[in-house]
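Trainee: Take a look at this one; I'll ask things after.
The values are calculated or read from the model by the stated rules, or taken from the named source; none is laboratory data. Source: prediction; values computed, not measured. With ideal geometry, Cβ positions are generated from the backbone for all residues, glycine too; neighbour counts draw on all protein chains shown.
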Amino acid sequence: MTDLNEFTVLRDYGPSASPPSEAVLASARADLMAELSPPTAKPRKTRFSLRIAAAVAAALVIGTVVAVGQFGGDTTEVPRAENSGPVRLVEFRTPPLPPELNPVPDGLDAGGLTGEPGWIGRFYSPPDPRAHDRIGVLVSWRGHNPQNIDEDHRETTYDGKKAFVAELEAFDGADPSKIYRTVRLSWESAPGAWTILSGSGRFASEKAVRALADTLVATTDELELSIGVAPAGWELAAFKPGVTTVLDPASPDRELTVSLRDGLVEDFAEGTMVLVERSVPVTINGGRGELLALTDGTWMLQALLPDGRAFLLQASGGFTQQQVVEVAEGVHTA
């Protein structure tokens, strides 16, 4: 048995308990950029700061707080970003989102979606954060089923398919005399994709999780902001409302992040951390925009959406100018 701190509930619902991943760091970076506001005008060299709260919100994906301090000072030249090979753009499809409970059990509230590379989950919890009656529903497409993640489990069936049941126990960090119990039912709901339903508190029994699984229905949810074109082999890394990141799993420093804005930022080139090499006006799906090539080899692009809002696209090194434009043309809202 392991010790349980206040974040373990979220961590335990993931297919594996792990240290902070590149996806969390990517999500934190996305959050931080989403929180940026343009500084007062200062020609060519600028200052900016990062807000701690944004990193904390992203880190809650696996229950690890990422503390980010304040940075200041004039921008300087930095080495160009490394890349592990040429970029080849293809259609990018968001992985399937997990089904929903219908009805939601009494006493629980439906939470939002969260995820890391290889899985997306939704969670149901009581208003009192100290209560243990919780449910998690995940879809995994990387083989994160129990027999592959070193959990005690036993084989069974569900809905006519091979399935596994895992029973887990942990100490409650607030009261070591209490035991926190979770039961998971997982089954291959589609070729290569597993649905994992976890129950704790009054739902921590095989009978309970089977009954809950019977109430799952397909979701109509969509990501608020999606990327429709990305390099071949890249995958969804992290997201929150209005921010989505995809990355290269073989080289996690290579990533794309898009985030919603209320509108275009004036003096766009004055709000960057890295010096701007050149600024290029662009048109994205009929909307006005601006593309910045930065001196470290990375890119930033802002463009208007049809509804009057705008989005910011950040791309790591290795992309050509035309490829950044093609990625931007594939960005869409729900």
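Trainee: Taking Val246 as meeting all but one of (1) within 19 Å of Val139 (Cα to Cα); (2) in a loop (DSSP other than H, G, I, E, B), write down the number of the exception.
Mentor: Status for Val246: all satisfied but (2).
Trainee: Next up: Got at least one residue in the stretch 83-102 being in a loop (DSSP other than H, G, I, E, B), acidic (Asp, Glu) and either modelled with pLDDT of 75 or more or over 15 Å from the mean Cα position of the chain (by Cα) (or both)? Explain how you work it out, then say what you get.
Mentor: Step one: of the stretch 83-102, the residues in a loop (DSSP other than H, G, I, E, B) are 83-88, 92-99, 102.
Right, trim to acidic (Asp, Glu) and you get none.
No, the stretch 83-102 contains no residue that is in a loop (DSSP other than H, G, I, E, B), acidic (Asp, Glu) and either modelled with pLDDT of 75 or more or over 15 Å from the mean Cα position of the chain (by Cα) (or both).
Trainee: Do we find that Thr195 is assigned by TED's automatic domain parsing to the domain that holds Ala131, under 15 Å from Val139 (Cβ atoms) and either buried (at least 18 other Cβ atoms within 10 Å of the Cβ) or out of contact with any strand residue (DSSP E or B) (no Cβ under 6 Å at 6 or more places or on another chain) (or both) in this structure?
Mentor: Yes: the conditions hold for Thr195.
Trainee: Restricting attention to the stretch 209-237, which residues are more than 16 Å from Phe123 (Cβ to Cβ) and not in a strand (DSSP E or B)? Working first, answer last.
Mentor: Going residue by residue through the stretch 209-237, those that are more than 16 Å from Phe123 (Cβ to Cβ) are 210-211, 214, 217-218, 220, 222-237.
Within the stretch 209-237, Arg210, Ala211, Asp214, Ala218, Thr220, Glu222, Leu223, Glu224, Gly228, Ala232, Gly233, Trp234 qualify.
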